[in-house]
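Taking it in order: structure first as structure tokens, then the write-up.
The values are calculated or read from the model by the stated rules, or taken from the named source; none is laboratory data. Predicted model only: the values in this text are computed from it and were never measured. Virtual Cβ from ideal backbone geometry, glycine too; neighbours counted across all protein chains shown.
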């Protein structure tokens, strides 16, 4: 992979629960996991079941080094971590970041609990890679190598953190899970999204689903594609990527959303497994494959 570019690859694009099957083969059924190659550094955002697939792809590399950022510790964002094979291999190194919860519980403790009895047969300690855990401070910027990572709180039950990666004048925002406010923009979301080259954002529902009087999703901690478009317009985002698809939305449903959203905001992609986006310093062109 070239070192003079900023590449984003999607390994898991669903929310809530994996949904493999014949109706989700094009967009994919794995839960949240996004890889960013930023110059010489590999960043991974969230450890849903897509992390297992990413791990398999890394088995040809030795040693493997990466920064792993968790938005929060709901199941769909951590459930792939116990199956991340590179973490079991001595000589690999992973710097793992998260925001402690209000009661002080760290991401290390959350991952440890997930792999403790009766949830899992083997403990976190069986992983032989060098796992370095870091507690981030909400709202502060992490300065690492030649890139920075900004953090902002998101409106989600139990709280989540949104990230923005900056490198050589390029930027990508990773904003999931988050629920919009009914009467105003979320200033934290706008701050992360401001003039970003790429904004990856929670678009779990449609407005109709979110406001359904029989089965309202208000308070569930997620947003809609219509609200994502409004954020993209207000923040002057170059490329909008709709993410964290509802497991009930099959390929055809997502195709229809894509048709609708591109009529309003043409520079929109619906995230799908295997999608790769490449940015280059000094180049306004955004390549996707």
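Could you please let me know if residue 73 is touching a helix residue (DSSP H, G or I) at 6+ places or on another chain (Cβ under 9 Å), outside any strand (DSSP E or B) and free of Cβ contacts under 8 Å to residues at least 24 places away in the same chain? I'd like the intermediate steps shown before the answer.
Values: touching a helix residue (DSSP H, G or I) at 6+ places or on another chain (Cβ under 9 Å): yes; outside any strand (DSSP E or B): yes; free of Cβ contacts under 8 Å to residues at least 24 places away in the same chain: no.
No: the conditions fail for residue 73.
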Query raised in the report: Quick one: is residue 95 over 15 Å from the mean Cα position of the chain (by Cα) and in a strand (DSSP E or B)?
Result: yes
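Residue by residue, here is whether (1) touching a residue at least 60 places away in the same chain (Cβ under 8 Å); (2) in contact with a helix residue (DSSP H, G or I) (Cβ under 9 Å, 6 or more places away or on another chain); (3) closer than 23 Å to residue 50 by Cβ holds:
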{"site": "184", "(1), (2), (3)": "no, no, no"}
{"site": "187", "(1), (2), (3)": "no, no, no"}
{"site": "197", "(1), (2), (3)": "yes, no, yes"}
{"site": "214", "(1), (2), (3)": "no, no, no"}
{"site": "224", "(1), (2), (3)": "no, yes, yes"}
{"site": "228", "(1), (2), (3)": "no, yes, yes"}
{"site": "236", "(1), (2), (3)": "no, yes, no"}
{"site": "244", "(1), (2), (3)": "yes, yes, yes"}
Requested in this report: Any residue in the stretch 266-289 that's at positive phi and at pLDDT below 95: show its pairings with residues that are outside any strand (DSSP E or B) and surrounded by fewer than 12 Cβ atoms within 10 Å (Cβ to Cβ) at Cβ separation under 9 Å, as long as the two are six or more apart or on different chains.
Outcome: 282/169
Query raised in the report: For the stretch 1-50, what are the residues that are closer than 13 Å to residue 249 by Cβ and either modelled with pLDDT under 95 or buried (at least 20 other Cβ atoms within 10 Å of the Cβ) (or both)?
Result: 13, 14, 15, 16, 19, 24, 27, 28, 29
Query raised in the report: Only one of (1) at pLDDT 95 or above; (2) more than 22 Å from residue 281 (Cα to Cα); (3) part of a loop (DSSP other than H, G, I, E, B) is not met by residue 182, so which one is it?
Result: (1)
Query raised in the report: Looking at the stretch 98-121, which of the residues that are touching a residue at least 40 places away in the same chain (Cβ under 8 Å) and either exposed (fewer than 14 other Cβ atoms within 10 Å of the Cβ) or in contact with a strand residue (DSSP E or B) (Cβ under 6 Å, 6 or more places away or on another chain) (or both) is nearest to residue 6 (Cα to Cα)?
Result: 99
